[in-house]
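The next block holds one structure in the form of structure tokens; read it before the comments.
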Amino acid sequence: QVQLVESGGGLVQAGGSLRLSCAASGRSFSGYGMAWFRQTPGKEREFVARITSSGLTTDYADSVKGRFTISRDNDKTTVYLQMNSLEPEDTAVYYCAAAWNLSGTSSRVYSYWGQGTQVTVSS
């Protein structure tokens, strides 16, 4: 099992940047595919970015491609989401997710979830 704790959310003006962190505890972090999702009230959880266990492959939603970067540090058991050129449409609760030896763009792939961190982008 793995426990996930997100941090780094907050209020930022449009065009600004934030870096989210997801600290994982538990065994064998390097064996987990990791992802970020986001959710706004009344909507389904939306895929944002994913990274494979090795860190060699990443994937992004079209809406964030070129603005967001996912990365991981297996020694620190942490995954990051660098968010640049933020837009009001990026406002959401951002969730970190983990799946053993898997990664994908569907929330159904992931067995472990953090509690979420709020990101608010003002216009």
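The values are calculated or read from the model by the stated rules, or taken from the named source; none is laboratory data. Not measured: the values here are computed from a predicted model. Just the protein is used for accessible areas: all its heavy atoms, side chains included, with ligands, DNA and RNA removed. Shrake-Rupley method; radii C 1.70, N 1.55, O 1.52, S 1.80 Å.
The residues of the chain expose, per residue, 51 Å² of accessible area to a 1.4 Å probe.
Each eigenvalue of the Cα gyration tensor of segment 1-77, multiplied by 5 and square-rooted, gives one semi-axis; in descending order these are 22, 15, 14 Å. Both the radius of gyration and Dmax for segment 64-123 are 12.9, 39 Å, in that order, over alpha-carbon atoms.
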